[in-house]
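Trainee: Input: one structure, supplied below.
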Amino acid sequence: MPYEAGEYDVIVVGAGHAGCEAGLASARLGLKTLVLTINLDMVAFMPCNPSIGGPAKGIVVREIDALGGEMGRNIDKATIQMRMLNTGKGPAVRALRAQADKYLYQQEMKATMENEPNLSLMQGLVEQLVVEVGVCKGVVTQAGAIYRAKAVVITTGTYLKGEIILGELRYSSGPNNSQPAVELSNHLTALGLETVRFKTGTPPRVHGQTIDYSQTEVQPGDEVPGAFSFTKSSARKMIEQLPCWLTYTNPRTHEIIEENLHLSPIYSGMVKGTGPRYCPSIEDKVVRFNDKLRHQIFLEPEGRYTHEVYVQGLSSSLPEGVQQAVLKSIAGLENVQMMRPGYAIEYDAIVPTQLWPTLETKQVKNLYTAGQINGTSGYEEAAGQGLMAGINAALNVLGREPLILGRDEAYIGVLIDDLVTKGTNEPYRLLTSRAEYRLLLRHDNADLRLTDKGYQIGLVAEDCYQQFNCKREQIKGEIARLKNTIIKPVEETQTLITDLGGSSLKDGIRATDFLRRTEVEYTHIDQLIPAPVNLDDLVKEQVEIQVKYEGYIEKAILQVERLKKMENKKIPNNIDYDAIPGLATEARQKLGVVRPLTVAQAARISGVTPADVSILLIYIEQGRIAKRSV
């Protein structure tokens, strides 16, 4: 029997990485927030790899932190190994990656949510939404509880009609054999939201004490581990870093897989959903890259106090017996004990072009979606969306302007714009190559890009903001000092240059120009002309990057400024594209579906040509806005 269970400002459905960020953002903005999850033991669960970060993804985590989100702080508390990737490349592609104690990560995030004053964390399976005249006003659980709210955020991950597939075995389930959400998916379809079927997978877990590590290559963490959070007080001191290990498949491994392809659900036709291109199963890798004699396999500990090891690179839905044979064919794993088999999981996702850039659905007002339900893959992409959906749901309730990040401001902006403008026909993964302004969107400057926004919204605390301002002023001051200081060709300078393999100075040179030399680093500047105050290492890093890449950064900024003109050209929501003469049929259709907010967004839609954009510009500038009937 349905019953009235309570009223809230914002309700978040799901407590994965997206749901945690959405709920905390809403609560921290002062709104009474309810987070409902199928199982309280699955809060912030890591059903796939026990790690956070990596190329592009690690930058998203820093952006979440700069805006006042939680993921960066939480992984800093729960990390067992930290590595900076791509250190031999430019700053635009460097990124942190942390190996997580997945159980500690869950515990810390759940405790954070339980201790948030405006947040209620409850167990319950949502089956329907309360929708009145096209406006979402609450949710209904399987038990009949009706929770009313002014905005709802759905972050159901891979639970919507989730099905686990293992060989010929197929059964209804969420990740890790948890309860799926079936009725909610049917309800969303009934509300007019179009869904697609996607697939993802996970590899087997093995017992670490049965691995012969002498046959593998050790992968240690950084000698001086970094941190994701810019807040110095957030990280718990790491007791000791744990290593990961590297091994490889071989021709015998590939032979076993090829002999059993007919048993793979991917190739037998049992799997109907589209899988992630950039994280293929081992079956896919062997078939698609049959010229390769081996593939990398990383052995990653799942926690400090467990012997379970994640076999990264061996994602599979082959039968259990075949997975065991595959494992035992790999160097170091000949006598390994498999603790959990890998599996594939199919689930429903909504077509993300049905969303505004705020992540509010176009069909139902005050209803937001975030995470894998929007067609993405990865914990970091989910958390970034969850943060933005939580922020915008809260700002909507408060009657404030929404927060939409531009492609030049954040990887989160690139992610959301790609989803709502272009859509995706496979689980979307964020890559550095997707960001045209990646030199501006670096891991080292996420706070400089976004902390002001987080503070203005109300998510960045005053003490954190003052700490940030101090850092920003130190960077400005040190760059100004270097611009106004001449390094003279004295003996100390010439000796240093010789030791570095550079050409000696003939005359004095500005310290900034000296720092731009390939062989020179900030530490050398500090050696010759020490700063008057003791600067933090992050300040020194920022000074070096801003000076060395000044020319490239200025060019990127100029490009952004040119495109801002199109971003500032607004398009009315209710414009009738069918009434615009000259637009190509495909452009009319795509524009009508996406309903872009700006001319720049319209230009990024696949199938909309420069000619279509010109016609649209002329039409808008002439003020001939034919309005679409609603």
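Trainee: Looking at this structure, is Thr518 in a helix (DSSP H, G or I), modelled with pLDDT of 90 or more, farther than 25 Å from Leu617 by Cβ and hydroxyl-bearing (Ser, Thr, Tyr)?
Mentor: So Thr518 does not fit the description; no.
Trainee: Out of Ala344, Ala349, Ala325, report the one residue that is farther than 30 Å from Ala556 by Cβ and open to solvent by 30 Å² or more (accessible area, probe 1.4 Å).
Mentor: Answer to the selection: Ala325.
Trainee: Taking the stretch 103-135, which residues are within 23 Å of Glu380 (Cβ to Cβ) and open to solvent by 10 Å² or more (accessible area, probe 1.4 Å)? Spell out how you get there, then give the answer.
Mentor: Applying the first criterion (within 23 Å of Glu380 (Cβ to Cβ)) to the stretch 103-135 yields 103-113, 116, 119, 121.
Within the stretch 103-135, Tyr103, Leu104, Gln106, Gln107, Glu108, Lys110, Ala111, Thr112, Glu116, Leu119, Leu121 qualify.
Trainee: I would also like to ask the following. Please verify whether Gln589 is open to solvent by 60 Å² or more (accessible area, probe 1.4 Å), over 30 Å from His443 (Cα atoms) and polar (S, T, N, Q), treating the condition exactly as stated. Spell out the reasoning first.
Mentor: Details: open to solvent by 60 Å² or more (accessible area, probe 1.4 Å): yes; over 30 Å from His443 (Cα atoms): yes; polar (S, T, N, Q): yes.
Against the criterion (open to solvent by 60 Å² or more (accessible area, probe 1.4 Å), over 30 Å from His443 (Cα atoms) and polar (S, T, N, Q)), Gln589 qualifies.
Trainee: Mind listing whichever residues of the stretch 485-532 are within 25 Å of Asn445 (Cα to Cα) and either open to solvent by 80 Å² or more (accessible area, probe 1.4 Å) or of a type in the set (Gly, Ala, Ser) (or both)?
Mentor: Answer for the stretch 485-532, where residues must be within 25 Å of Asn445 (Cα to Cα) and either open to solvent by 80 Å² or more (accessible area, probe 1.4 Å) or of a type in the set (Gly, Ala, Ser) (or both): Arg510, Ala511, Arg516, Thr518, Glu521, Thr523, Gln527, Pro530, Ala531, Pro532.
Trainee: Out of curiosity, is Val130 touching a residue at least 24 places away in the same chain (Cβ under 8 Å), under 25 Å from Tyr347 (Cα atoms) and not in a loop (DSSP other than H, G, I, E, B)?
Mentor: In short, no.
Trainee: With respect to Val153, is the statement that it is among the hydrophobic types (A, V, I, L, M, F, W, C), surrounded by 19 or more Cβ atoms within 10 Å (Cβ to Cβ), out of contact with any His (no Cβ under 8 Å at 6 or more places or on another chain) and assigned to a strand (DSSP E or B) true?
Mentor: The answer is yes for Val153.
Trainee: Which one of these is touching a helix residue (DSSP H, G or I) at 6+ places or on another chain (Cβ under 6 Å) and within 23 Å of Asp452 (Cβ to Cβ): Gly371, Gly413, Gly390, Gly399?
Mentor: Details: Gly371 fails: within 23 Å of Asp452 (Cβ to Cβ); Gly413 fails: touching a helix residue (DSSP H, G or I) at 6+ places or on another chain (Cβ under 6 Å); Gly399 fails: touching a helix residue (DSSP H, G or I) at 6+ places or on another chain (Cβ under 6 Å).
Only one candidate qualifies: Gly390.
Trainee: Select from the stretch 566-602 the residues that are in a helix (DSSP H, G or I) and farther than 24 Å from Glu194 by Cβ and list them in ascending order. Before you say what the answer is, go through the steps one by one.
Mentor: Filtering the stretch 566-602 down to residues in a helix (DSSP H, G or I) leaves 566-567, 577-579, 585-594, 599-602.
Listed by number, the residues that qualify are Met566, Glu567, Ala579, Val599, Ala600.
Trainee: Step by step: first the residues of the stretch 15-47, then only those that are within 17 Å of Asn374 (Cβ to Cβ) and open to solvent by 10 Å² or more (accessible area, probe 1.4 Å), then the one that is nearest to the chain's Cα centre (by Cα). Which residue is that?
Mentor: Within the stretch 15-47, the match that is nearest to the chain's Cα centre (by Cα) is His17.
Trainee: Further question on the same structure: Using beta carbons and a limit of 6 Å, which pairs, at least six apart or on different chains, have the first residue in the stretch 330-344 and touching a residue at least 24 places away in the same chain (Cβ under 8 Å) and the second one open to solvent by less than 30 Å² (accessible area, probe 1.4 Å) and charged (D, E, K, R)?
Mentor: Hits for this filter: Met339/Arg205; Met339/Glu308; Arg340/Arg205; Ala344/Lys199.
Trainee: Within the stretch 472-483, can one find any residue that is more than 30 Å from Ser229 (Cβ to Cβ) and open to solvent by 40 Å² or more (accessible area, probe 1.4 Å)?
Mentor: yes
Trainee: Got at least one residue in the stretch 189-202 being touching a Pro at 6+ places or on another chain (Cβ under 9 Å), open to solvent by 20 Å² or more (accessible area, probe 1.4 Å) and among the polar types (S, T, N, Q)?
Mentor: Yes, some residue in the stretch 189-202 is touching a Pro at 6+ places or on another chain (Cβ under 9 Å), open to solvent by 20 Å² or more (accessible area, probe 1.4 Å) and among the polar types (S, T, N, Q).
Trainee: Name the pairs: first residue in the stretch 178-201 and within 10 Å of Asp348 (Cα to Cα) and in a helix (DSSP H, G or I), second residue of a type outside the set (S, T, N, Q) and open to solvent by 60 Å² or more (accessible area, probe 1.4 Å), Cβ to Cβ under 7 Å, at least 6 apart or on different chains?
Mentor: The qualifying pairs are Ser185/Lys161.
Trainee: In addition: List the helices (runs of 4 or more DSSP H) inside the stretch 234-347, counting only whole elements, that have at least 2 residues being modelled with pLDDT under 95 and basic (Lys, Arg). Don't jump to the end; show me each part of the working.
Mentor: On the way: elements: 251-259, 265-268, 282-288, 320-328.
In the stretch 234-347, 282-288 are the helices (runs of 4 or more DSSP H) which contain 2 or more residues that are modelled with pLDDT under 95 and basic (Lys, Arg).
Trainee: Answer with yes or no whether Gln546 is at pLDDT 90 or above, within 26 Å of Leu500 (Cα to Cα), open to solvent by 70 Å² or more (accessible area, probe 1.4 Å) and among the polar types (S, T, N, Q). Let's see the steps before the verdict.
Mentor: Values: at pLDDT 90 or above: yes; within 26 Å of Leu500 (Cα to Cα): yes; open to solvent by 70 Å² or more (accessible area, probe 1.4 Å): no; among the polar types (S, T, N, Q): yes.
When the stated conditions are applied, Gln546 does not pass them.
Trainee: Inspect the stretch 428-435 for any residue being of a type in the set (Ser, Thr, Tyr) and in contact with a Gly (Cβ under 6 Å, 6 or more places away or on another chain) and give the result as yes or no. It would help to see each step written out before you state the result.
Mentor: Quick first cut of the stretch 428-435, residues of a type in the set (Ser, Thr, Tyr) only: 428, 432-433.
Applying the additional criterion that residues be in contact with a Gly (Cβ under 6 Å, 6 or more places away or on another chain) yields 428.
Taking every residue of the stretch 428-435 in turn, at least one turns out to be of a type in the set (Ser, Thr, Tyr) and in contact with a Gly (Cβ under 6 Å, 6 or more places away or on another chain).
Trainee: Of everything in the stretch 74-89, what is of a type outside the set (Asp, Glu) and either buried (at least 24 other Cβ atoms within 10 Å of the Cβ) or free of Cβ contacts under 8 Å to residues at least 40 places away in the same chain (or both)? Give them in sequence order. Reasoning before the result, please.
Mentor: Looking only at the stretch 74-89, we keep the residues that are of a type outside the set (Asp, Glu), and these are 74-75, 77-89.
Listed by number, the residues that qualify are Asn74, Ile75, Ala78, Thr79, Ile80, Leu85, Asn86, Thr87, Gly88, Lys89.
Trainee: Looking at Pro581, Pro530 in this structure, which one is over 32 Å from the mean Cα position of the chain (by Cα) and modelled with pLDDT of 90 or more? Don't jump to the end; show me each part of the working.
Mentor: On the way: Pro581 fails: modelled with pLDDT of 90 or more.
When all the criteria are applied, what remains is Pro530.
The values are calculated or read from the model by the stated rules, or taken from the named source; none is laboratory data. Given the structure is predicted, the values throughout are model-derived calculations rather than measurements. Heads up, the Cβs are rebuilt from the backbone with ideal geometry, glycines too, and the neighbour counts pull from every protein chain shown. Accessible surface areas use protein heavy atoms only, side chains included; no ligands, DNA or RNA. Shrake-Rupley method; radii C 1.70, N 1.55, O 1.52, S 1.80 Å.
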